[in-house]
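The values are calculated or read from the model by the stated rules, or taken from the named source; none is laboratory data. As the structure is a prediction and not an experimental result, all values here were calculated from the model. Cβ placement follows ideal geometry from the backbone for every residue including glycine, while neighbour counts extend to all protein chains displayed.
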Amino acid sequence: MHEKVRVNPGRCNGCGECLVHCPKGPRIFKIVDRDDRKVCIVMDASFCLGCTSCLTRCRNAAIELWKGG
């Protein structure tokens, strides 16, 4: 089992810090417009290294790691 990343859209403000600081950021994260606001979504969690860079940079605690298959 590997660590996988997910974003809570209710907490995310779309700042993009996760995208910038993740070594695989552009492969994992994307900033989109949803309900008239910007949020980050996970495009492909399979690239996640489990390094927690995105987790520690997120000011709103919108990112979490979970054990995925």
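For every residue, the table says whether it meets (1) basic (Lys, Arg); (2) more than 11 Å from the chain's Cα centre (by Cα).
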position	(1), (2)
Pro26	no, no
Ser46	no, yes
Arg57	yes, no
Glu64	no, no
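Could you check the range 14-36 and list, in sequence order, the residues that are of a type in the set (D, E, K, R) and at pLDDT 95 or above?
Glu17, Lys24, Arg27, Lys30, Asp33
Could you list, ordered by first residue, the pairs with Cβ atoms under 9 Å in which the first is in the range 45-60 and among the charged types (D, E, K, R) and the second is modelled with pLDDT of 95 or more and loosely packed, with under 15 Cβ neighbours inside 10 Å, at least 6 apart or interchain?
Arg57/Val20; Arg59/Asn13
Looking only at the range 37-52, filter to residues that are surrounded by 15 or more Cβ atoms within 10 Å (Cβ to Cβ) and modelled with pLDDT of 95 or more; which one of those is farthest from Trp66 (Cα to Cα)?
For the range 37-52, the residue satisfying everything is Val39.
Just to verify a result, which residue in the range 55-64, among those that are surrounded by 18 or more Cβ atoms within 10 Å (Cβ to Cβ) and at pLDDT 95 or above, is farthest from Asn13 (Cα to Cα)?
Out of the qualifying residues, it is Ile63.
Exactly one of (1) of a type in the set (Lys, Arg); (2) more than 15 Å from Glu3 (Cβ to Cβ); (3) at pLDDT below 95 is unmet by Lys67. Its number?
Here Lys67 clears every test but (2).
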